[in-house]
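To keep things clear, I will list the structure first and then write my remarks on it.
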Amino acid sequence: MDKEEDYAAKTQFVISLQEGQSWKKAAENAGLSMSQSNAYRLWGAFRQRGEAALKDGRHGHAYKLRGDARTFLEEQCQQAPHLPSSTLQKQLQERFDLEISISQINRVRAALGLSRPLTSRKQEKKRK
């Protein structure tokens, strides 16, 4: 489900709740799979923030780092393992127009076994 479909499903969900349907029936009708606690969390967020609560504005999630961008990241990390994640973040932004957090880049690097090696100064501090 892409962002637009997700937004439409969540909109349908809250409309159903406003019409008096149970959370379970509303989620089923909207095509959403969620627990009761998540259903009421979304409902509460909608009541507080309105439509903004239905939009997924998160950045840096794994689904954004696929295909060419992931291959690019892997190649860069293999060629230059000391390259800071902030530099990689800028390169991904410029080359692929992707906004990915440094922590997400670090998670992907770790998953690929390509984490940035510690510098000798940092290693010395860790030992002390």
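The values are calculated or read from the model by the stated rules, or taken from the named source; none is laboratory data. These numbers come from a predicted model, not from an experiment. Glycine also receives a Cβ, built like all others from the backbone with ideal geometry; neighbour counts cover every protein chain displayed.
Sort out which residues of the stretch 1-23 are exposed (fewer than 12 other Cβ atoms within 10 Å of the Cβ) and more than 26 Å from residue 101 (Cβ to Cβ), and write them in order of number. Once the filter is applied, which keeps residues that are exposed (fewer than 12 other Cβ atoms within 10 Å of the Cβ) and more than 26 Å from residue 101 (Cβ to Cβ), the stretch 1-23 yields 19, 20.
From the list 80, 27, 8, which one is among the hydrophobic types (A, V, I, L, M, F, W, C) and within 21 Å of the chain's Cα centre (by Cα)? Let's see the steps before the verdict.
Numbers: 80 fails: within 21 Å of the chain's Cα centre (by Cα); 27 fails: within 21 Å of the chain's Cα centre (by Cα).
Being among the hydrophobic types (A, V, I, L, M, F, W, C) and within 21 Å of the chain's Cα centre (by Cα) holds for just one of 80, 27, 8, which is 8.
Specify which of the listed residues (108, 14) is in a helix (DSSP H, G or I), among the hydrophobic types (A, V, I, L, M, F, W, C), in contact (Cβ under 8 Å) with a residue 40 or more places away in the chain and in contact with a Leu (Cβ under 6 Å, 6 or more places away or on another chain).
Values: 14 fails: in contact with a Leu (Cβ under 6 Å, 6 or more places away or on another chain).
Selected residue: 108, the only one of 108, 14 that is in a helix (DSSP H, G or I), among the hydrophobic types (A, V, I, L, M, F, W, C), in contact (Cβ under 8 Å) with a residue 40 or more places away in the chain and in contact with a Leu (Cβ under 6 Å, 6 or more places away or on another chain).
Scanning the stretch 100-120 for residues that are touching a His at 6+ places or on another chain (Cβ under 9 Å) and at pLDDT below 85 turns up 116, 117, 119.
Can you pull out the residues in the stretch 57-69 that are more than 14 Å from residue 102 (Cα to Cα), assigned to a helix (DSSP H, G or I) and at pLDDT 65 or above? Those that are more than 14 Å from residue 102 (Cα to Cα), assigned to a helix (DSSP H, G or I) and at pLDDT 65 or above: 67, 68, 69. The listed residues are 27, 53, 45, and the only one of them that is in a helix (DSSP H, G or I) and surrounded by fewer than 16 Cβ atoms within 10 Å (Cβ to Cβ) turns out to be 45.
Residues that are modelled with pLDDT under 85 and surrounded by 11 or more Cβ atoms within 10 Å (Cβ to Cβ) do not occur anywhere in the stretch 80-87.
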